[in-house]
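Report on the following structure.
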Amino acid sequence: MPALPLFPTTLVGSFPQPEWLIDRARLAGRFPPRVRARELWRPAPEHLARAQDDATLLAIRAQEDAGLDIVTDGEIRRESYSNHFATALAGLDLDNPGTVINRSGQPNPVPRVVGEVSRPAPVQAADARFLREHTGRTIKVTVPGPFTMSQQTQDDFYGNPESLAYAYADAVNAEVRDLFAAGADIVQLDEPYLQARPDAARAYGVKALNRALDGVTGTTAVHLCFGYAAIVHERPSGYSFLPELAECACDQVSIETAQSHLDTSVLKHLTGKTIMLGVIDLSTPEVEDTGTVVERVRRALPHVAPEKVVIATDCGMKYLPWESATGKMRAMAGAAEILRRG
């Protein structure tokens, strides 16, 4: 992994997909899909993969041009952060989906578990190789976490939510290993449902995460948030599940602080973890000035050492206009420059 400066900058994962690639109005008008949503893509099926590659290159260059230190592929090939990986697994009936209540309290179609959950083949390794080939910067690849995927399915097989989460953990573990082998410097597991379902998370969430990370060599992160601000409008001011991640085998913990105005003193419970500090508000397209971002970072510094801070967005930028996303990235990079000077 290339040497990183103090206060390195990164996206949580996603970057806006261009209008010529995906129907952004239809995307924004629904909850993030858990089953496949091929109707969102504009190119014909025979042209889709090439179009996704082209848009991914644009996302990589936009991050580089803005000055980000850690680059993702923008999750350009995904309909949502989770369904790209989750629907590639075996043991699921995708043609006859089930239903679960999402974190907003609404029913949402989801994969139905009808057999043993497993990963027949690598899902995102080719995406990681593409990203590695097209940037010389540190790269991060994101994967939905096992606890979250277990909460986004209808279980008609295991009859035990903990067993289901562990099955997903085994699939994630195999994927994480392949992503590092494909050139990833950092692999991030997205676990928003640890926050949304704290009781179940306390019972077996960290156990599932540690199973997913067992034997993995490489820098790993876990992301918790309150949901996409474009979809989830009411946001608590604190996490219902966060200090528990001190027991997680991950190296980094990714949180949001801008939209929720989080009391950053909670970070004192995560001693030893690098904090991917969300300081970009995604509830508005308005671009923060650099000074605002600097102050949001400084709020955390009494509770976490500067060398343990990565500057990031609160959540994925998927729903933002392209111009807002690029402006917010520049604000992050500008804030990092100021903070490095002291």
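The values are calculated or read from the model by the stated rules, or taken from the named source; none is laboratory data. Note that this is a predicted model, so its numbers are computed, not measured. Cβ sites come from the backbone with ideal geometry, for glycine too, and all protein chains shown count toward neighbours. Surface accessibility is based on the protein's heavy atoms, side chains included, excluding ligands, DNA and RNA. Shrake-Rupley method; radii C 1.70, N 1.55, O 1.52, S 1.80 Å.
Given the Cα-Cα distance of Ala181 and Asp54 and 0.36 nm per residue of separation, how much length would full extension add, in nm?
Length gained between Ala181 and Asp54: 43.3 nm.
For a label point 7 angstrom out from the Cα of Glu162 toward its Cβ, which stretches of the stretch 197-211 have the backbone nitrogen within less than 17 Å?
Label zone hits: 198-211.
From the C-alpha coordinates alone, can you work out the Kirkwood hydrodynamic radius of the stretch 80-144, in Å?
13.9
In the chain, which whole DSSP H runs stretch at least 18 Å along their own axis (Cα) and average -0.5 or higher on the Kyte-Doolittle scale?
161-181, 322-340
Using a 1.4 Å probe on the protein heavy atoms, what percent of the accessible area of the chain belongs to carbon and sulfur?
Of the solvent-accessible surface of the chain, carbon and sulfur hold 49 percent.
For the stretch 108-212, compute Rh as the Kirkwood radius over C-alpha pairs and then the Stokes-Einstein diffusion coefficient at 4 °C and 1.567 mPa s; write the answer in µm²/s, rounded to an integer.
The estimated diffusion coefficient comes to 90 µm²/s.
Rank Thr148, Thr56, Thr135 by mean-square fluctuation in a GNM of the chain with C-alpha springs under 10 angstrom and give only the top-ranked residue.
Among Thr148, Thr56, Thr135, the largest GNM mean-square fluctuation belongs to Thr135.
Of the beta bridges DSSP finds with both residues in the stretch 76-210, what % are antiparallel, to the nearest 5?
Among the beta bridges of the stretch 76-210, antiparallel pairing accounts for roughly 50 percent.
Find how many whole Å separate the alpha carbon centroid of the stretch 109-155 from the alpha carbon centroid of the stretch 254-268.
27
Which net charge results for the neighbourhood of Asp93, defined as the other residues with beta-carbon distances under 11 angstrom from its beta-carbon, given Lys and Arg at +1 and Asp and Glu at -1?
So the environment of Asp93 carries a net charge of -1.
Hey, got a sec? Which GluC sites (Glu not before Pro) in the stretch 228-335 land in a DSSP loop and have at most 16 other Cβ atoms within 10 Å?
Those satisfying the criteria are Glu234, Glu286.
When only Cα pairs under 8 Å and 6 or more residues apart are kept, what is the percent relative contact order across the chain?
In percent, rounded to a whole number, it is 20.
Quick check for you: with a 1.4 Å probe and neighbouring chains kept, what is the accessible area per residue of the chain, in Å²?
Roughly 38 Å² per residue, with all protein chains present.
Give me the Å³ per residue figure for the convex hull around the C-alpha atoms of the chain.
That works out to 120 Å³ per residue.
Once the Cβ-Cβ distance between Glu39 and Arg61 is put in as r, and R0 is 30 Å, what FRET efficiency do you end up with, to the nearest 0.05?
0.60
Over the Cα atoms of the stretch 253-342, what radius of gyration and what Dmax do you get, in Å?
Taking only Cα atoms of the stretch 253-342, I get Rg and Dmax of 12.5, 37 Å.
Multiply the residue separation of Ser265 and Glu323 by 0.36 nm, subtract the distance between their alpha-carbon atoms, and state the gained length in nm to one decimal.
Fully extending the segment from Ser265 to Glu323 adds 17.6 nm.
Rounded to the nearest 5, what % of the DSSP beta bridges within the chain are antiparallel ones?
Counting only bridges with both partners in the chain, antiparallel ones make up about 20 percent.
If you stretched the chain out fully between Glu46 and Ala203, how much longer would it get, using 0.36 nm times the residue separation minus the C-alpha to C-alpha distance?
Result: 52.0 nm gained on full extension.
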